[in-house]
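Visitor: Below you will find the structure I want to go over with you.
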Amino acid sequence: MKNIRNFSIIAHIDHGKSTLADRLIQYTGMVDERNFKDQILDNMDIERERGITIKSQAIALPYHAEDGEEYVLNLIDTPGHVDFSYEVSRSLASCEGVLLLIDAAQGVQAQTIANLYLAMENNLEIIPVINKIDLPTADVDRVIEQIDSELGLDAFSALKCSAKEGIGIEEILEAIVKRIPPPKGNPEGPLAALIFDAQYDPFRGTVIHCRVFDGTVKPGDFIRLMFNQEAYKVEEVGRFLLAREKRDRISAGEVGYIFAGVKTVSDVHIGDTITLDERPCDKPLPGFKEFKPVVFSSIYPIAPEDYEDLAVALEKYLLNDAAFVYQKDSSIALGQGFRCGFLGLLHLEIVQERVEREYDLSIILSVPSVRYRFTLKDGSVMFVDNPAHYPNPLSIEKGEEPYIRAMLLFPERYLGSVMKLCMEKRGENSKLGYLGPGRIELMYEMPLAEVIYDFYDRFKSITQGYGSFDYEVLDYRESTLVLVDILVNGEKVDALSQIAHRDQARPRALRACERLKEEIPRQMFKIAIQGAIGGEIIARTTISSFRKDVTAKCYGGDITRKRKLLEKQKKGKKRMKTIGSVSIPQSAFLAVLKSDTDN
Amino acid sequence: MNSKKIPGLYIHIPFCLSKCPYCDFYSSTSISAAPDFLNGLSKEMEMYRHQFNPIDTVYIGGGTPSLLSPEQLENILTKVRKNFDLIADAEITIEANPADLNQSFLESMREIGINRINIGAQSFDEKVLGFLGRRHSVKEAISAVEAPRKAGFENIGLDLIYGVPGQGIGVWLNTLKQGIAFSPEHLSCYQLTLEPKTPLGRRWQAGEFSAPGEELQYEFFMKTSEFLEEAGYIHYEVSNFARGMEHASKHNQKYWDHSPFLGLGPSAHSFHGNQRWWNHRSFDQYLASINAGNLPVQETETLTIEQLRLEALYLGLRTKKGISLQDFKKQYHSDLLSGKKKIFKKLEEAGFIAIRDGYLYPTPTGLAIADTLSLI
Ligand SMILES: Nc1nc2c(ncn2[C@@H]2O[C@H](COP(=O)(O)OP(=O)(O)O)[C@@H](O)[C@H]2O)c(=O)[nH]1
Ligand code: SF4
Ligand SMILES: [Mg+2]
């Protein structure tokens, strides 16, 4: 055990986590140049394209240190987005130390701090690493000063590197060996292993990624997952090289994988404890939380006949994404579909993209919603995450909505406009601090619904990209809620209904109308778009009809060309949803939610 | 398939004196190549000998057919008669440039059997002609329109262009007024289309000038329709008007009702049954193929029944006559109205189409959006 180090790299997005991981992998000779791909731990196309790590990954790096000893350095890569902060916390719980990576030009950002807190909660050794020192805009002294004053860490302990140029990599590896403590634990004790990820393997079922704290697990053992109380027979264990490497056992201190005939990843809960069925540990490892989706939206196939295919696609998708939940749902406007729960808007977009791409389906998502709580006059309590299930307004005694604590970091010069934005978003109980000269840390408690609306985009544009943001979910608070409906040519588009705070209803409705006007192409008839609360129209706009589109000349040589054009248009139209004889493109449904502050 | 529909013959003369900046027809300015071309054309006709029979229309277009000499044109028609069964009262049209029309040329045309002439007058406004880069003047345009009548032509067509940047509706109506003063039997009024690959199209894309917006285009379109209908012309196709349906272009109507047609010459298209094919859009390639003993065909497509349906629908909706529901069912094995009653009713109420006497046909406002109508 004394030659094992378990560590993670944590950083604000784009500070170079994936690049540094690549460099460490290369340096320790895990891959030769020929097989090397950038961002090696980001396996999915979507991860490479978006430049965000979505799934956790682990890899064991063999390292021959200066002290002459051979070490195994287990690098656990963590997701890089607030939507996945619980997964991050479980990955960190599997480590003894972290590299806290900070961009030399950007300095400390909100996720630097949020991740630092997570590392501290887990009592990890923290090694600050200043990355991108090769940049002409790098300001290493300023970052050192921030590490001291804003993070309260020992600035002298900070390492400097350029992940891109491969500078300072050996120093980092040495620091991992020297400064991160080796794992502790008893290989002979009752098994206690923490699940930090689960992935689906089409040939073998679910592969559980875990960190063993105590005990040993080997093929043939019967393991028990303590939260869902299911027992499984272990088929294979091993550790992560670039591919999985089978071993005869994994023991206390090690990071590895287990196959135990678990069918879907949703049977496995991240943060759950694995123990042995016949000799269980007395209590699960700390920090387990049952996964809770916070954003909800319905998915419909654009073509109703694709419903069965969509059902199959979601079932398969679920095998891979334990954070995703869904159930059957139906809409008057969009037909049969599924109500789905997500960790956040990014998670929602990822699911949408993967379902469309991997299963070749065209789908529509309804306006995302948070989960509201209503107390009715008869004393009963109901949770509503689907505007279609909004209770009769006369029966409502009290409505409540979830709140979050937002942490915002940005240069002082934007303070006025950021505060204005937060107030507009119904922020309250603000706490203002100076992290360093000219650098503000602002905490606000605000409704989650406001954050999923367009907060993030607007905050980024107000702070011209210098601001960073993170949040945690707090509690439910009382709120004046209304149901806002959208009507197209007098027909309610139930999938566009949203629950909103009374004060936001009119601007929301107006914005939805305008967005639809931008997204719905002009058609043969005039289209009226209205926003309404019950019978009261609170916003309206119209899309005028077009009057002339016919091509002037159509003779022998034009017929094929024109037909091809029409065929293309026809195909495009098929991807639209027809409601009240109006063709609504898929983009219109999501656009209703998107921000328009790019000006 | 189109057993009852009689084929037409199109001949593409690929020469122009100079290239108009808005034109995307295939033509070149090397007129000295005309003898080679005529040679090739005659071989091409032989290759199709008796395959499209009988034929009741011949359309000599281009390019600028009026650049050829009467002898050359006569030679073409002789070859046509030799290789195809041209019926006695066939419609034989020639396209002509105003600058080329003198009395003796026109009289020769009559003599060799051409009975319809279509004159590319384009405008009676000097500024508009200038913008379009035409090589004739207003004066030439006027005398070009007067001359065929004197030569005995009883079926004269005029081509005019509207929606030219800078041309107001007033200027356009003036051109129209001057046009009908000659009582032509036929008028083609085309909205200027800025094709991206033409010099004018490129200048437009580069932002050198702006084209009329959709509202204005619509106004041009409707005013044209109203004005000419008022003057006794039938608006029988999106861009075509005839003083009585007996003067409607028999040849061009074949394109809109899926009649078979054979196109000869570079870039010409042909259609038969469910096949469409087109010749090389290059004079050299065209000749090379023919001289090697091959048809100068660049590509052939076989249309599926859905493609035929879509074409029949969009082409039919370009015409005042519209689509015969019964014929459509017979030819394309599908009921045009089935499953679409609701939307057709709505379109009828909105005044875009009418369904009467077994025909589905567009109103003038419907004609203006015929392309979209065909997507329902
Ligand atoms: N100049 C420079 N760019 C770097 C360095 N490390 C990473 N980058 C770039 O920063 C961007 C974000 O890096 P990435 O590793 O994807 O960040 P992540 O979001 O933390 O995983 C990429 O364009 C990298 O090429 C560095 O040391 N120097
Ligand atoms: S004369 Fe006719 S065919 Fe020739 S370039 Fe001009 S418009 Fe085109
Ligand atoms: Mg990354």
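Visitor: When residues of the stretch B:226-247 are filtered for being in a loop (DSSP other than H, G, I, E, B), more than 14 Å from chain A (Cβ to nearest Cβ) and open to solvent by less than 50 Å² (accessible area, probe 1.4 Å), how many remain?
Guide: Final tally of qualifying residues: 4.
Visitor: State which residue is nearest to ligand 3 (Cβ to nearest atom) when the search covers only the stretch B:1-59 and only residues that are within 14 Å of chain A (Cβ to nearest Cβ) and open to solvent by 50 Å² or more (accessible area, probe 1.4 Å).
Guide: Restricting to residues being within 14 Å of chain A (Cβ to nearest Cβ) and open to solvent by 50 Å² or more (accessible area, probe 1.4 Å), the top hit is B:Asp24.
Visitor: A:Glu47 is checked against (1) within 11 Å of ligand 3 (Cβ to nearest atom); (2) modelled with pLDDT under 60; (3) assigned to a loop (DSSP other than H, G, I, E, B) and fails just one. What number does that condition carry?
Guide: Every listed condition holds for A:Glu47 apart from (3).
Visitor: Further question: Looking at A:Asp42, is it within 11 Å of ligand 3 (Cβ to nearest atom), at pLDDT below 90 and in contact with a Lys or Arg (Cβ under 6 Å, 6 or more places away or on another chain)?
Guide: yes
Let's see how each residue does on (1) out of contact with any strand residue (DSSP E or B) (no Cβ under 7 Å at 6 or more places or on another chain); (2) more than 16 Å from ligand 2 (Cβ to nearest atom); (3) farther than 23 Å from B:Lys250 by Cα:
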residue	(1), (2), (3)
B:Leu17	yes, no, yes
B:Asn39	yes, yes, yes
B:Lys43	yes, yes, yes
B:Asn53	yes, yes, no
B:Leu68	no, no, yes
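Visitor: Within the stretch A:415-443, how many residues turn out to be surrounded by 14 or more Cβ atoms within 10 Å (Cβ to Cβ) and closer than 27 Å to A:Ala591 by Cβ?
Guide: So the answer is 8.
Visitor: To continue, here is another question. Before we move on, is B:Leu176 surrounded by 18 or more Cβ atoms within 10 Å (Cβ to Cβ), within 14 Å of another protein chain (Cβ to nearest Cβ) and at pLDDT 95 or above?
Guide: The answer is no for B:Leu176.
Visitor: I've got another one for you. A:Ser461: of a type outside the set (D, E, K, R) and open to solvent by less than 50 Å² (accessible area, probe 1.4 Å), yes or no?
Guide: It is false that A:Ser461 is of a type outside the set (D, E, K, R) and open to solvent by less than 50 Å² (accessible area, probe 1.4 Å).
Visitor: Right, next: Of the conditions (1) at pLDDT below 90; (2) open to solvent by less than 60 Å² (accessible area, probe 1.4 Å), A:Ala500 satisfies every one except a single condition; which number is it?
Guide: Of the numbered conditions (1) at pLDDT below 90; (2) open to solvent by less than 60 Å² (accessible area, probe 1.4 Å), the odd one out for A:Ala500 is (1).
Visitor: Using the structure shown, decide if B:Ile142 is of a type in the set (A, V, I, L, M, F, W, C), open to solvent by 20 Å² or more (accessible area, probe 1.4 Å), out of contact with any Lys or Arg (no Cβ under 8 Å at 6 or more places or on another chain) and free of Cβ contacts under 8 Å to residues at least 60 places away in the same chain.
Guide: So B:Ile142 passes the test.
Visitor: For the stretch A:391-483, list the strands (runs of 3 or more DSSP E) that sit wholly inside it and hold at least 1 residues that are free of Cβ contacts under 8 Å to residues at least 60 places away in the same chain; which are they?
Guide: By residue number, A:396-411, A:428-436, A:439-447.
Visitor: Please go through the stretch A:307-337 and pick out each residue that is out of contact with any helix residue (DSSP H, G or I) (no Cβ under 9 Å at 6 or more places or on another chain) and open to solvent by less than 40 Å² (accessible area, probe 1.4 Å).
Guide: Within the stretch A:307-337, A:Tyr307, A:Ala311 qualify.
Visitor: Before we move on, is B:Ser66 at negative phi, more than 16 Å from ligand 3 (Cβ to nearest atom), within 14 Å of another protein chain (Cβ to nearest Cβ) and surrounded by 20 or more Cβ atoms within 10 Å (Cβ to Cβ)?
Guide: So B:Ser66 fails the test.
Visitor: In this structure, does A:Ile274 turn out to be assigned to a strand (DSSP E or B) and crowded, with 17+ Cβ neighbours inside 10 Å?
Guide: yes
Visitor: Return yes when A:Ile130 is more than 14 Å from chain B (Cβ to nearest Cβ), within 16 Å of ligand 1 (Cβ to nearest atom), within 24 Å of A:Val88 (Cα to Cα) and hydrophobic (A, V, I, L, M, F, W, C) and no when it is not.
Guide: yes
Visitor: What number of residues within the stretch A:205-225 are open to solvent by less than 10 Å² (accessible area, probe 1.4 Å) and on the phi > 0 side of the Ramachandran plot?
Guide: Residues flagged as open to solvent by less than 10 Å² (accessible area, probe 1.4 Å) and on the phi > 0 side of the Ramachandran plot within the stretch A:205-225 amount to 1.
Visitor: Considering only residues that are of a type in the set (Phe, Trp, Tyr) and closer than 18 Å to A:Leu496 by Cα, which ones fall in the stretch A:284-308?
Guide: A:Phe296, A:Tyr300
Visitor: Starting from the stretch A:1-28, keep only residues that are within 30 Å of A:Thr216 (Cα to Cα) and away from chain B (no Cβ under 14 Å), then list their pairs with residues that are within 9 Å of ligand 3 (Cβ to nearest atom) and at pLDDT below 95 whose Cβ atoms are within a distance under 6 Å, requiring at least 6 positions of separation or different chains.
Guide: Pairs that qualify, where the first residue is within 30 Å of A:Thr216 (Cα to Cα) and away from chain B (no Cβ under 14 Å) and the partner is within 9 Å of ligand 3 (Cβ to nearest atom) and at pLDDT below 95, are A:Ile9/A:Lys17; A:Ala21/A:Leu41; A:Ala21/A:Asp77.
Visitor: Can you find a residue that is part of a loop (DSSP other than H, G, I, E, B), within 16 Å of ligand 1 (Cβ to nearest atom) and modelled with pLDDT of 95 or more anywhere in the stretch A:176-189?
Guide: no
Visitor: Right, another one. Quick check, is A:Arg244 under 19 Å from A:Ile270 (Cα atoms), crowded, with 16+ Cβ neighbours inside 10 Å and among the basic types (Lys, Arg)?
Guide: For A:Arg244, the condition - under 19 Å from A:Ile270 (Cα atoms), crowded, with 16+ Cβ neighbours inside 10 Å and among the basic types (Lys, Arg) - is not met.
Visitor: Shifting gears a bit: On the given criteria, is B:Met222 without any contact (Cβ under 8 Å) to a residue 40 or more places away in the chain and aliphatic (A, V, I, L, M)?
Guide: Judged against the criteria, B:Met222 is not a match.
Visitor: Can I ask one more? May I ask you to verify whether B:Leu262 is touching a Leu at 6+ places or on another chain (Cβ under 6 Å), within 14 Å of another protein chain (Cβ to nearest Cβ) and either buried (at least 20 other Cβ atoms within 10 Å of the Cβ) or closer than 22 Å to B:Leu77 by Cα (or both)?
Guide: Yes: the conditions hold for B:Leu262.
Visitor: Kindly provide the set of residues from the stretch B:293-346 that are within 14 Å of chain A (Cβ to nearest Cβ) and charged (D, E, K, R), ordered by number.
Guide: Once the filter is applied, which keeps residues that are within 14 Å of chain A (Cβ to nearest Cβ) and charged (D, E, K, R), the stretch B:293-346 yields B:Glu299, B:Glu301, B:Glu306, B:Arg309, B:Glu311, B:Arg318, B:Lys320, B:Lys340, B:Lys341, B:Lys342, B:Lys345, B:Lys346.
For every residue, the table says whether it meets (1) more than 14 Å from chain A (Cβ to nearest Cβ); (2) more than 21 Å from the chain's Cα centre (by Cα); (3) within 15 Å of ligand 2 (Cβ to nearest atom).
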position	(1), (2), (3)
B:Leu86	yes, no, no
B:Ala96	yes, no, yes
B:Gly113	yes, no, no
B:Glu140	yes, yes, yes
B:Ala144	yes, no, yes
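The values are calculated or read from the model by the stated rules, or taken from the named source; none is laboratory data. Small disclaimer: the values here were computed from a predicted structure and weren't measured. Don't worry about glycine lacking a Cβ; one is built from the backbone with ideal geometry, like all the others, and counts go over all protein chains shown. Remember, those area values only see protein heavy atoms, side chains included, never the ligands or the DNA or RNA. Shrake-Rupley method; radii C 1.70, N 1.55, O 1.52, S 1.80 Å.
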